[in-house]
């Protein structure tokens, strides 16, 4: 690369100052893309179950991921990538649209309103109070619960788990698609164990190719084409349709989950990069969160579920990424991916579903951080985790977790340990359960 360009990039992104190099940033950005590019396949597969146009979803997923990643690169100079969040897209599809029976347009309105609430809380300074009021155990258990939830959805989409009148669920028949899906899952596990970059993506592609060989999927007529139009889903959000008492819980659930996940991940990454001050504060944390919520607002407008920081960014950081240049590289690769939509469009749900199981495992690993020897922590955490998959709803699990946490402390005569903000959250949770 030209030395003059190197020098300009160095000054703009403070690359040398953070102990990195342009080459290191490029490698880091590429690594992040390879580990998270499965979202290009999985997000459209999940959201299209609501009736949304899959081709348009592929284009929007790439565009929004690129835009969000560019935002955090330029606003906060961080090697973090953003994209439609796993778990949140499942909540959108299976809880809101298929569970509560609302239209996907209204569900997009719910996502947009959750972004507005997040933005308002950030501008008013209440966001920090909420973050301090939420018990760490409930933040951890919500992550683990979402992991179980999307794993359950993954197994269901693979047809390994099917409905049963007597037992609610049962083992499905081992048809050819199920066998191919299982082989894809096993391949992903092996690649992850061997720490192969892009293991999930490789598993999806191999399963799709095997599906072509067995005649389950049509071979695309071309590998490269102009991306599909976003017109079928762009600007179709129904904000007024989302302004219902029964959807308040969903609005706050999207907001809480995005806030919890983003805060926890951004704090961890900032410490790893060395951006934590002596007082324990993180540089540019506010700008990172503004980039996150801005991407969510744009994403809902264009036609996708909540956009959030991706944990896979940690792989790029591990590969040496330290600045926003790595995110620019990741964003550019999402733009390039738009040309390969014919390949993405043919991926069947049973090829993409194993990725849900793998990501579920990643999210569930945080359960080791919970102290199950303390029942004041264990019981509300357990209820939060188990009710998410059993009720097929993230918001119900969260609501029960908040309420039980408060009740346990009140009955233990430790109500003084419950901050006022948490009382408000508990009241909103109670209203959510009544209105569901």
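Can you compute the FRET efficiency between residue 6 and residue 362 using 1/(1 + (r/R0)^6), with r the Cβ-Cβ distance and R0 = 25 Å? Round to the nearest 0.05.
That gives a FRET efficiency of 0.10.
Report the full-extension gain for the segment residue 189 to residue 411: residue separation times 0.36 nm, less the Cα-Cα distance, to one decimal in nm.
75.5 nm
Give the separation of the Cα centroids, the stretch 400-414 to the stretch 232-251, in Å.
Value for the Cα centre distance between the two parts: 32 Å.
Run the simple label-point estimate for residue 103 and residue 431 please: 7 Å along Cα→C-beta, distance reported in nm.
Roughly 2.5 nm, to one decimal.
Taking neighbour Cβ counts within 10 Å as the exposure measure, how do 221, 296, 50 sort from fewest upward?
So the ranking, lowest neighbour count to highest, is 221, 50, 296.
Under a GNM of the chain (C-alpha, springs under 10 Å), which listed residue has the highest mean-square fluctuation: 265, 364, 420?
Of 265, 364, 420, the most mobile in the Gaussian network model is 420.
Tell me the relative contact order for the chain as a rounded percent, counting alpha carbon contacts under 8 Å between residues six or more apart.
Averaging sequence separation for qualifying contacts and normalising by length gives 35 percent for the chain.
Just to be sure I understand: with springs between alpha-carbon atoms less than 10 Å apart, which residue in 402, 118, 362 has the highest mean-square fluctuation in the Gaussian network model of the chain?
Checking each option, the largest mean-square fluctuation is seen for 362.
Which whole-number percentage describes the relative contact order of the stretch 326-436, with Cα contacts under 8 Å and a sequence gap of 6 or more?
17
Which residue, 332, 223, 63, has the most motion in a Gaussian network model of the chain that connects Cα atoms within less than 10 Å?
Most flexible of the set in this elastic network: 223.
So if we plug the beta-carbon distance of residue 287 and residue 234 into 1/(1 + (r/R0)^6) with R0 = 41 Å, what FRET efficiency do we get, rounded to 0.05?
Efficiency at R0 = 41 Å is approximately 0.95.
Given a cut-off of under 8 Å on Cα pairs at least six residues apart, what relative contact order in percent is computed for the stretch 83-171?
It comes to 24 percent, rounded to a whole number.
How would 62, 269 line up from fewest to most surrounding beta-carbon atoms within 10 angstrom?
Ascending number of Cβ neighbours within 10 Å: 269, 62.
Bear in mind these aren't lab numbers, they're just calculated from the coordinates by the rules spelled out. Since the structure is predicted, the reported quantities are computational estimates derived from the model, not experimental observations. Neighbour counts run over all protein chains shown; Cβ positions are idealised from the backbone, glycine included.
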